[in-house]
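Engineer: Quick one: the structure is below, questions incoming.
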């Protein structure tokens, strides 16, 4: 089981905190945020971690190369003036990740999820994508997934990041599992990951895995301030 972390964003919503650091390296109670993320992943059976890097990638690599104990990781780097989008960044990395199925997550979130079980459910389903979701009443985030449930079982979901259904009742939680073939069959070099999520949802090639605990993230100044409290 392998995971790819999307760490190449410019972090424009939090540049006021420290424009000299990439988002995942921002200080949280004396440690970079990425250290908390790696500790959360260390509880599970990951063979290696792939870092999709871009903005100030050298700061990430300096930190990772000097970690003790060492971790097994690979990395790819986008040019800051030629960003590939979240989907393009993954496509650019699939051959380095290696496995036919792998997990994808954003590098500015810590998720309360059982990755081993998520991956197991994905493999059993034989779907092209598994998407973790959280009920909208458990978060302040705007819902972007509509799901129907029968006897507490999800039977159908529709995901749309930019134009969600008005009665959407879940959010994209942030952990995704993909078949490698999804990216190899995409002819585009630059694209947003959400477009693949929407496409696979419409084709009924997506499994939806419900999570019941909120996540910690540092995408905005206010969420960064909350993270300082929650990670003490």
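Engineer: Zone of residue 63 (label point 7 Å along Cα→Cβ, backbone N under 18 Å): which residues in segment 76-101?
Structural biologist: 76-78
Engineer: For segment 162-195 and segment 139-161, what is the separation of their Cα centres, given in Å?
Structural biologist: Result: 14 Å between the Cα centres.
Engineer: Ok, one more. Taking 0.36 nm per residue of separation and subtracting the Cα-Cα distance, what length does fully extending residue 72 through residue 188 add?
Structural biologist: Additional length available on full extension: 38.8 nm.
Engineer: In addition: How high is the relative contact order of segment 2-230, in percent, counting Cα pairs under 8 Å that sit 6 or more residues apart?
Structural biologist: Value for segment 2-230: 25 percent.
Engineer: Further question on the same structure: Highest first, please rank the peptides 48-54, 73-79 by the mean number of other Cβ atoms sitting within 10 Å of their residues.
Structural biologist: The most tightly packed comes first, giving 48-54, 73-79.
Engineer: Something else about it: Given 0.36 nm per residue, what is the gain on full extension from residue 158 to residue 222 after removing their alpha carbon distance, in nm?
Structural biologist: Full-extension gain reported as 20.1 nm.
Engineer: Dividing the Cα convex hull volume of segment 105-156 by residue count, how many Å³ per residue is that?
Structural biologist: 127
Engineer: In nm, give the distance between the simple-model label positions of residue 199 and residue 117, each being 7 Å from the Cα along the Cα-to-Cβ direction.
Structural biologist: So the label points at residue 199 and residue 117 sit 3.2 nm apart.
Engineer: Which of the peptides 128-140, 213-225 is most tightly packed, and how do the rest follow, judged by the mean count of other Cβ atoms within 10 Å per residue?
Structural biologist: So the order, starting with the most tightly packed, is 128-140, 213-225.
Engineer: Okay, moving on. Could you compute the FRET efficiency for residue 35 and residue 140, with r as their C-beta to C-beta distance and R0 at 25 Å, rounded to 0.05?
Structural biologist: 0.45
Engineer: Right, here's the next one. For the residue pair residue 166 and residue 79, what label-to-label distance in nm results when each label sits 7 Å from Cα along the Cα-to-beta-carbon direction?
Structural biologist: 4.6
Engineer: If you stretched the chain out fully between residue 20 and residue 95, how much longer would it get, using 0.36 nm times the residue separation minus the C-alpha to C-alpha distance?
Structural biologist: Once the chain is fully extended between residue 20 and residue 95, it gains 23.9 nm.
Engineer: Quick check on segment 86-177: what are the equivalent-ellipsoid semi-axes from the Cα gyration tensor, as sqrt(5λ), descending, whole Å?
Structural biologist: Calculated on Cα positions only, the semi-axes equal 24, 16, 13 Å.
Each value in this text was obtained by applying a stated rule to the coordinates, not by laboratory testing. Small disclaimer: the values here were computed from a predicted structure and weren't measured. Glycine gets a Cβ as well: all are built from the backbone with ideal geometry, and neighbour counts include every protein chain shown.
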